[in-house]
1. Per DSSP H run of n ≥ 4, the term is -39500 (n - 2.57); total these for the chain, divide by its residue number, and report the mean residue ellipticity at 222 nm rounded to 500 deg cm²/dmol.
2. State the extension gain, in nm to one decimal, for the chain segment bounded by V7 and L71, taking 0.36 nm per residue of separation less the distance between their alpha-carbons.
3. Restrict the search to the chain; then list the GluC sites (Glu not before Pro) that DSSP places in a loop and that have at most 13 other Cβ atoms within 10 Å of their Cβ.
4. Cα to Cα, under 20 Å, and not fewer than 8 places away if on the same chain: which lysines meet these conditions relative to K31?
5. Where the only charges are on Cβ atoms (+1 Lys, Arg; -1 Asp, Glu), what is the dipole of the chain about its Cα centre, to the nearest 20 debye?
6. Exposure proxy check: T53, T6 ranked by fewest other beta carbons within 10 Å?
7. Roughly speaking, what is the stretch gain from A28 to A59, that is 0.36 nm per residue apart minus the C-alpha to C-alpha distance, in nm to one decimal?
8. Which log10 I(q)/I(0) values, to two decimals, does the range 2-71 give at q = 0.16, 0.29 Å⁻¹ under the Debye formula with one point per Cα?
Amino acid sequence: MHDALTVEKAGKPAACICSEPFVATARAVAKIRGIEDYPFVTISHPVGTLELTDIMERAKQALPQVLQILLGK
């Protein structure tokens, strides 16, 4: 979240993707950084132990929301 907010504040669109256990932390960071309503994509956890095919599936599921955030729609 920190990186996405830094990029956004620099005037470039960014999308943060976090897994479910980190949603509260992502919201807290956004609030602390002054963008309380910053949109982000939530995916299922875990991620680090997944096989490549499963990671690709999660990415496909997240893509529409990522594009919506990046395109500002």
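1. On the way: 3 runs with 38 residues, N = 73.
After summing the helix terms and dividing by residue count, I get -16500 deg cm²/dmol.
2. Working: separation 64, 0.36 × 64 = 23.04 nm, distance 1.47 nm.
Working it through step by step, the gained length comes to 21.6 nm.
3. On the way: sites: E8, E36, E51, E57; in loops: E36, E51.
Hits after loop and neighbour filter: E36, E51.
4. Cα-Cα hits under 20 Å: K9, K12.
5. On the way: 8 positive and 8 negative charges, 60 e Å.
Magnitude of the dipole: close to 300 debye.
6. Values: T53 7, T6 12.
So the residues, fewest neighbours to most, are T53, T6.
7. Values: separation 31, 0.36 × 31 = 11.16 nm, distance 2.41 nm.
Separation in residues times 0.36 nm, less the Cα-Cα distance, equals 8.7 nm.
8. -0.58, -1.31
Readers should treat all values here as calculations from the given coordinates under stated rules, not as data from a laboratory. These numbers were taken from a predicted model, which means no experiment stands behind them. Reconstructed Cβ throughout: ideal geometry from the backbone, glycine too, with neighbour counts over all protein chains shown.
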